[in-house]
Every structure is written in C-alpha cells, then in structure tokens.
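As structure tokens, the structure follows; a few thoughts come after it.
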C-alpha cells in the first residue's frame, strides 16, 4: 500500500501575486519551488540565449582553456578518459568531436567496467602515458582518483578533471578541475551532469575558437554548439540530474535537436527502439534510448556506444545500433534473473532497514539496475556485492530518507575506492576477504537501522493537487505540457480525485491485463498492469484515485487519458 503525500496548498499571498495563472498550474509551480516571476518565466519559457551561464564562471575555466589551446597549437597528444555509462559516453563524444574540429590531436579511452571498474585506473594511465599523451581530460570521473592523478603528475602529464560527482573531503592534486560541487567553486549552477560539464568546457572553447589554428570559415561555432545538445539531453536524463535551472534549458533544446538529429548512429538507434523522429520526449530517453547506450558498458564495452555516436558511416551506425539493441535484450534477461532470485530470498517484507546481498560472480555491469529495482520494490536502500576472482565490488541505490554516500563515508576504511552521491554509489572493498565483507554488511545495517528507525518506509506517492475531473480540460492539459521535459525535481504532475462513483469496469489489452474504469458520467480511467489488484471492484463502488494525465489518439481522434497510479475503495 502506498502512502499518499499531498503537497502543501499554495499560500494565499502567492495566489494573489499571480491572479492571471490558473490555480492548478500555480500549485504545480509552487510544488517545484518556483515562486517568483523570473523563476517561473525561466521554467515555462526557457531561453537558450539568456538562461545559460557563461562557462568562464567556472573558477578554473580560463586556465583550462589556455592549457587546451596550448595542446592543440603544439599538436600534443590529448586523451579523453570518459566514463562507461550513457552520461560519460555522451560527454566524451561531445568533447572528442569538438577538440577534433578545433584541430586537436585527440584520442579517447573508456575503461572496461568489468575488468577495470569505475574511474581512472593505474594500468590505463600508464598505457595512455606510454603512448605519448601529454594531456588527459576526464569526463564524468576523476574526482576521487588520487593515486592515478599523482602518477600522471609524476610523469609530467597534465590532467584536467571534468566531473560532477560529489568530491570527498580531500580532492586530487590535479592541475585543473571543473566540478560544480567543489567547495570553493564559483559556477552558479551545481546540478550539471557529466556531459553537462563537458558541454560547458566545449562552450568555452567555441566562444574563443578564433584562437585555434583553424580558419574561421571552417566552423560556425554557434551552430556546431547547438548540434551537440542532443547528446547533452541524453546524458542529463540518463544520469537523473535535476531538470530545473540550467539543465532544463539544455534538455528542452536538446530534445528539439534530438528530434532532428543528423547523427546516423542515433537515427538508427531510435529506429531500433521502435521510435521515430519528431515526437521523442524525456521518457523515451530515460526508458528506451539511454538503456541501450548503457547496455554496451554493462554487458560488453562502452566503445560500441561511443563509436555509434561518432560514426558518420550509415552502414556502420546501423550495425552498431543493432548490436546495442541485442545487448540491451541480454541485459534485461540477466537483471530479471538476479532480481527474482533476491526477491525469493527476501520474501514480501525485509527484516532490516537496508537490503545487503552478495553472490559470487554477479556481473558488475547490471548490479546498479538490479539494486534500483530492489530499492523501488521494497522502498529500502539496497547494496549488492559481487565476489569476484580478485576483488569484491559493491553497488548501491537509496531512498530519499537515506544518504548513501554520507553513510559510506562513515565506513571508508573498508574501501580501496568508492564514490557516488546520496542516491547511488559504488565501491571496492580494500581486499577480497569474506570476514571484511561480513563486517561491512553488519556496520552498514547498523547505520541504516539508526538513521531509519523511526521512519515509515512504505513507498510514497507525491500528489501535486486534489482536483475535480471536470476541471481537466484540453486547455489545462496544454498548460501542463509546458512542464515537459519531466524528470528529477520536475516529475510528471500527479493528481488526486476523490469520491468517484464506478459506473463500469472493463478488462482491456491483449491479455486483459489492464483495466478501464468508467466513472462520473463517462470519464475513463486506465489502470495498467493491474494483475488482481482490483478484482474486488464493482459497479457503484466509491473510489479515490491518484492519476496522471496524458493523451491518446486512435483513428485520428485525440482524447485525454487518465492513467491510474493507485486506488482506494470504500
């Protein structure tokens, strides 16, 4: 049973301040922390020319620019060291294509998730240096890699860290760092993705592109910059960063670019996912495109996804997109198998506040996704560990009430590497030792027990507003659509309608797995994937319904669609 949390009603002074805005829309804005005219205008009408911050507001951007300019002018070998997830791959593609366009002698390196793990690793750095690299630029990683940065420093190779992950109490001794979360960082927006930080670096480079050894008529920097936004949108949505502030502008315009992308790889991937250009939205990225890009690094190697994004060869793009599609199907089967095994072991109700499970040779690449499913299913933080030949790696996902990275910081003596943020983290135990694993498991359970002891851990549905179904019209729906793109900090609006009288019930869908409920003079409510949840429902029952609003088109006729999230009968 879900706990229904209804948002605080909007104060009268806010209502009086904006009498021209529909009260339902005003409530949605208030729920998202938007209370003054400038914030509302930026949210509802994002402007690419006005709402993005100057990249040189990063305190070290000028120095970073000069170092990259020096490398390009002197033909130094530059290696981009990116992360293997969709955010890192997109960020690497953004930076690689720009440096190449500016005349750079640029290469890329993505680690193997299974063999090398997250972030920089010494063997890879040694190889990159031995191959003649003079400048390493990280994308979506590096902020917790102390030893690897020291190794580069000792070899007189400069490292520019571009990252968005939470730094530890100390930071690496890299000569240049771009990370909005640094304690003394002056950049005003803190929630950029890894690809977002890479894009800000690219903006800085393009802003002064006349200083690079290319003819000015070779590069329309404004157009080149905007054609990168499809990758920024994918990376930002895939990495679940806040879709308010600067990210909202980047993603809003990124979706426009994505819907007419010229990248052969993305066009092929979109087709493989059963989608079409012109009507792609944030949901399509989050649940259909990003998982396919992520499947490369999870099941095989992220180079497949990166090459697909970069290639200009249509046949090659088609083949790589098909490979990603197959890898994604394999990923889904593996996840389902592990998820069902853990569920069978735990049962209906977990005994502890945090779920910690370990198994020999679970594939590292899918553990984050399984952990996410476990956390969603039980509404508990979860940590899954895989015991491998040489080490023990852990991945965790969390709930709002439990800051995972802060809790892991309390146990950092157990780790050789760790990193992440409040909702997701990963680590490697400092040695392959089952006693160490058991001790860590015991300690993290005690921390969770203490921090969550008085909290109701039933899953919650946040409700934006109670509403009468009669208030929902096409004009209101068109206003709600202006809240897109939806994502973190801007979820799809959820409403509550009370005391509805059931007039009819009909099973729909290929196998009757969905339910159509007719209420209040013919209004249709749809409940997807019901199973037997509402087998008790009968005509003339009175119900309260939590739902989202969408639209459906059949035979050229559009109608509003009410998609049920939860129901209470009485």
Selection from segment 311-340 of residues within 30 Å of residue 449 (Cα to Cα) and exposed (fewer than 14 other Cβ atoms within 10 Å of the Cβ) yields 336, 337, 340
Residues in segment 453-467 that are over 26 Å from the mean Cα position of the chain (by Cα), loosely packed, with under 12 Cβ neighbours inside 10 Å and in contact (Cβ under 8 Å) with a residue 24 or more places away in the chain total 3
Among the residues of segment 265-312, the number that are over 16 Å from the mean Cα position of the chain (by Cα) and under 21 Å from residue 80 (Cβ atoms) is 16
Exactly one of 406, 401 is part of a loop (DSSP other than H, G, I, E, B), modelled with pLDDT under 95, assigned by TED's automatic domain parsing to the domain that holds residue 358 and surrounded by fewer than 19 Cβ atoms within 10 Å (Cβ to Cβ), and that residue is 401
The strands (runs of 3 or more DSSP E) lying wholly within segment 77-183 that contain at least 3 residues that are surrounded by fewer than 23 Cβ atoms within 10 Å (Cβ to Cβ) and outside the structural domain of residue 389 (by TED's automatic domain parsing) are 105-109
Checked against (1) touching a helix residue (DSSP H, G or I) at 6+ places or on another chain (Cβ under 6 Å); (2) in a helix (DSSP H, G or I); (3) surrounded by 16 or more Cβ atoms within 10 Å (Cβ to Cβ), residue 266 satisfies every condition except (1)
Look at residue 66 and say whether it is surrounded by fewer than 17 Cβ atoms within 10 Å (Cβ to Cβ), assigned to a helix (DSSP H, G or I) and modelled with pLDDT of 95 or more.
-> yes
Any hit, segment 334-344, residues being assigned to a loop (DSSP other than H, G, I, E, B), touching a strand residue (DSSP E or B) at 6+ places or on another chain (Cβ under 9 Å) and closer than 24 Å to residue 402 by Cβ: no
| message | Based on this model, can you work out whether residue 286 counts as in a helix (DSSP H, G or I), in contact (Cβ under 8 Å) with a residue 24 or more places away in the chain and either in the same structural domain as residue 63 (by TED's automatic domain parsing) or crowded, with 23+ Cβ neighbours inside 10 Å (or both)? | response | no
Counting only residues that are surrounded by 14 or more Cβ atoms within 10 Å (Cβ to Cβ), modelled with pLDDT of 95 or more and over 22 Å from the mean Cα position of the chain (by Cα), segment 41-54 contains a total of 0
Taking residue 61, is it touching a residue at least 24 places away in the same chain (Cβ under 8 Å), within 30 Å of residue 348 (Cβ to Cβ) and out of contact with any strand residue (DSSP E or B) (no Cβ under 6 Å at 6 or more places or on another chain)? no
If we ask which residues in segment 351-372 are more than 21 Å from residue 435 (Cβ to Cβ), touching a strand residue (DSSP E or B) at 6+ places or on another chain (Cβ under 9 Å) and surrounded by fewer than 18 Cβ atoms within 10 Å (Cβ to Cβ), their number turns out to be 1
Checked 231, 192 against criteria (in a helix (DSSP H, G or I), surrounded by 17 or more Cβ atoms within 10 Å (Cβ to Cβ) and under 26 Å from the mean Cα position of the chain (by Cα)); the one match is 231
All-but-one check, residue 153 against (1) in contact with a strand residue (DSSP E or B) (Cβ under 8 Å, 6 or more places away or on another chain); (2) modelled with pLDDT under 95, failing number (2)
Original post:
If you check residue 478 against the conditions, is it loosely packed, with under 12 Cβ neighbours inside 10 Å and within 30 Å of residue 238 (Cα to Cα)?
Top reply: yes
Those residues of segment 360-390 which are out of contact with any helix residue (DSSP H, G or I) (no Cβ under 8 Å at 6 or more places or on another chain) and part of a strand (DSSP E or B) amount to 360
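The values are calculated or read from the model by the stated rules, or taken from the named source; none is laboratory data. Note that the coordinates shown come from a computational prediction; the quantities given were computed from them, not determined experimentally. With ideal geometry, Cβ positions are generated from the backbone for all residues, glycine too; neighbour counts draw on all protein chains shown.
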